[in-house]
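Before any comments, here is the structure.
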Amino acid sequence: MKLLLTILSFLAISHGAWGQKSQKRIVCYYNAQSSLRSGLAKFPTASLEYALQFCTHLMYGYAGLTRESFEIASLNVDLDMFHFRQITQMKRVFPDLKIFLSLGGDYDIDEVDPQKYVHFLEGGKPLYDNFIHSSVTMLKNNGFDGLDLAFQFPRNKPRKVHGTLGTYWKKFKKLFTGNFIVDPEAETHKAQFTEFAQSLKSAYSHENLSLALTVLPNVNSSWYFDIPTIHNQFEYINLFAFDFLTPERNPEEADFTAPIFLKDEQNRLPHYNIDFQVKYWLDNGCPANKLNLGVATYGRTWKMTTDSQLSGMPVVPETFGPADAGVMSNKAGLLSWPEICGLLNKASTANGFRGPNAALQKVVDIERKYGNYAFRPADENNEHGIWISFDDPDFAGHKADYARQKGLGGIALYDLSYDDFRGLCTGAKFPILRSVQNVID
């Protein structure tokens with residue numbers, strides 16, 4: 001490790017570009033568990049170090065909350081007890097890099113208390129003080145510059161599939177029942193989160209620690225964030241405007257997972273796009289330079305069936321949940337960018353366009369508004385069908401251009417381990433990270 005740091009220090013001095021960080025933020029998320037994966041999916045420390053030449057901030061994921069006492073805690077003590085310091089010491093090579101510890105995300109899953117983060121807020125000042133003390137100790141002892149709050153608030157109810165008759169019936173029902181409320185106490189929880197953020201910010205200011213906020217996908221900002229009040233508590237805010245639809249939440253239909261703009265047809269919901277989410281924060285008083293636009297380095301995948309139609313044009317009906325897991329990502333319904341690239345470049349050994357050996361058909365969004373997709377229809381046995389919504393490096397660049405035109409503070413890339421860190425696709429390492437960094441400036 002010391003030898004590697006010495007070599008990188010020499011390269012950083014001798015290669016001028018390494019010393020020229022982006023004028024905008026490039027917030028890079030690092031899932032520490034990716035260092036424990038096997039085979040080509042393993043994300044080695046050397047690859048992380050290579051990526052940091054493009055990043056202004058690094059988010060180390062993830063820490064969690066202990067049940068009942070609500071202190072901050074490692075989610076993998078055997079890894080983090082040494083890895084925390086190993087990562088924060090990279091500031092020796094990249095002295096301008098800021099490294100934050102991220103709390104929550106989608107990793108602090110508590111089956112006993114699924115609403116743990118809400119229950120923490122309901123506990124009030126005694127729990128807040130307990131958390132503040134434990135977090136200051138953990139951050140200071142391990143060399144972190146700050147904390148990122150990626151709170152697991154209740155998520156929006158998924159869009160439901162409706163035929164024409166079903167759509168009219170849904171509108172009729174709303175006359176009597178109103179919209180479905182996921183969290184009846186949302187206004188109370190919003191006020192509690194504001195109080196907690198203010199207490200945390202005050203304590204961190206005395207300790208020379210920074211505070212950031214990550215808004216997770218499908219968390220309703222109007223329910224939980226008093227934007228005019230809280231934006232001053234955070235150095236910056238990462239808006240994860242992706243995964244609006246996923247095969248887990250929406251198993252029966254496939255659509256663009258992170259469009260920039262609304263494609264106003266087929267009963268799409270008006271808030272399932274980047275532009276709506278960004279404008280909401282801006283219109284409610286958040287300075288544009290505080291916001292970083294989230295960009296995912298993976299795609300979402302559905303199983304197409306024989307009833308999903310042959311065109312592949314979204315919204316794709318009659319899908320059957322998540323497609324099979326990839327060899328690298330090892331998660332059903334999700335493929336990393338190099339896995340998607342490999343499928344797109346795979347030569348067909350089939351005579352037709354269906355079956356296990358047929359190539360995928362890629363459809364590029366020439367309007368640069370909604371995203372790319374690729375698909376292979378199911379065969380006559382209702383097998384081997386797949387539909388993928390994804391951002392390639394070019395489309396990630398379009399999103400960075402949107403952020404630049406809106407005057408946003410930068411890009412939040414989630415996450416480094418799903419980018420092509422080995423250069424398997426074209427030989428270029430971290431093509432999505434490079435693309436957004438090139439465009440945002």
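The values are calculated or read from the model by the stated rules, or taken from the named source; none is laboratory data. The model shown is predicted, which means the values in this text are computed figures rather than measured ones. So basically every Cβ, Gly included, is an ideal-geometry build from the backbone, and we count neighbours across all protein chains shown. Note: accessible area is taken over every heavy atom of the protein model, side chains too, but ligands, DNA and RNA are not part of it. Shrake-Rupley method; radii C 1.70, N 1.55, O 1.52, S 1.80 Å.
Quick notes
- Selection count, the stretch 63-115, where residues are touching a helix residue (DSSP H, G or I) at 6+ places or on another chain (Cβ under 9 Å), polar (S, T, N, Q) and under 18 Å from Val27 (Cβ atoms): 1
Table: residues versus (1) more than 19 Å from Ile227 (Cα to Cα); (2) at pLDDT below 95; (3) among the acidic types (Asp, Glu); (4) touching a Leu at 6+ places or on another chain (Cβ under 7 Å).
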{"position": "Val93", "(1), (2), (3), (4)": "yes, no, no, yes"}
{"position": "Gly123", "(1), (2), (3), (4)": "yes, no, no, no"}
{"position": "Tyr128", "(1), (2), (3), (4)": "yes, no, no, no"}
{"position": "His133", "(1), (2), (3), (4)": "yes, no, no, no"}
{"position": "Asp148", "(1), (2), (3), (4)": "no, no, yes, yes"}
{"position": "Val182", "(1), (2), (3), (4)": "yes, yes, no, no"}
{"position": "His189", "(1), (2), (3), (4)": "no, no, no, yes"}
{"position": "Ser199", "(1), (2), (3), (4)": "no, no, no, no"}
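- Residues of the stretch 369-406 satisfying the condition of being out of contact with any strand residue (DSSP E or B) (no Cβ under 9 Å at 6 or more places or on another chain) and on the phi > 0 side of the Ramachandran plot: Asn382
- Looking only at the stretch 115-139, and only at residues there that are within 27 Å of Val219 (Cα to Cα) and of a type in the set (S, T, N, Q), the one that is least open to solvent (accessible area, probe 1.4 Å): Ser135
- Among the residues of the stretch 49-67, those identified as in a strand (DSSP E or B), of a type in the set (Gly, Ala, Ser) and either within 22 Å of Met90 (Cβ to Cβ) or open to solvent by 30 Å² or more (accessible area, probe 1.4 Å) (or both) are Gly61, Ala63.
- Qualifying residue in the stretch 279-289 (condition: touching an Asp or Glu at 6+ places or on another chain (Cβ under 9 Å), open to solvent by 10 Å² or more (accessible area, probe 1.4 Å) and either of a type in the set (A, V, I, L, M) or closer than 20 Å to Val27 by Cβ (or both)): no
- In the condition set (1) at positive phi; (2) touching a residue at least 60 places away in the same chain (Cβ under 8 Å), Gly285 is compliant with all but (2).
- Yes/no for Asn142 being touching a residue at least 24 places away in the same chain (Cβ under 8 Å), crowded, with 17+ Cβ neighbours inside 10 Å and more than 26 Å from Asn220 (Cβ to Cβ): yes
Residue-wise test of (1) small (Gly, Ala, Ser); (2) in contact with a helix residue (DSSP H, G or I) (Cβ under 7 Å, 6 or more places away or on another chain); (3) open to solvent by 50 Å² or more (accessible area, probe 1.4 Å).
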site	(1), (2), (3)
Lys346	no, no, yes
Ala358	yes, no, no
Ile366	no, no, yes
Gly371	yes, yes, no
Phe375	no, no, no
Gly409	yes, yes, no
Leu416	no, yes, no
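- Considering only residues in the stretch 68-85 that are part of a loop (DSSP other than H, G, I, E, B) and under 25 Å from the mean Cα position of the chain (by Cα), the one that is surrounded by the fewest Cβ atoms within 10 Å (Cβ to Cβ) turns out to be Asn76.
- Test: Phe240 is at pLDDT 95 or above, open to solvent by 10 Å² or more (accessible area, probe 1.4 Å) and not charged (D, E, K, R): yes
- Selection count, the stretch 297-318, where residues are open to solvent by 10 Å² or more (accessible area, probe 1.4 Å) and out of contact with any helix residue (DSSP H, G or I) (no Cβ under 7 Å at 6 or more places or on another chain): 12
- Any hit, the stretch 386-393, residues being over 17 Å from the mean Cα position of the chain (by Cα), assigned to a helix (DSSP H, G or I) and either in contact (Cβ under 8 Å) with a residue 24 or more places away in the chain or surrounded by fewer than 19 Cβ atoms within 10 Å (Cβ to Cβ) (or both): no
- Scanning the stretch 310-369 for residues that are in a loop (DSSP other than H, G, I, E, B), within 24 Å of Leu262 (Cα to Cα) and of a type in the set (D, E, K, R) gives Glu318, Asp365, Glu367, Arg368, Lys369.
- Identity of the residue in the stretch 99-114, more than 27 Å from His57 (Cβ to Cβ) and without any contact (Cβ under 8 Å) to a residue 40 or more places away in the chain, that ends up most open to solvent (accessible area, probe 1.4 Å): Glu111
- When Gly427, Gly342 are checked against the criterion of being open to solvent by 10 Å² or more (accessible area, probe 1.4 Å), farther than 25 Å from Gln53 by Cβ and out of contact with any Ser or Thr (no Cβ under 6 Å at 6 or more places or on another chain), a single residue qualifies: Gly342.
- Residue within the stretch 116-138 that is basic (Lys, Arg), touching a strand residue (DSSP E or B) at 6+ places or on another chain (Cβ under 8 Å) and assigned to a helix (DSSP H, G or I) present: yes
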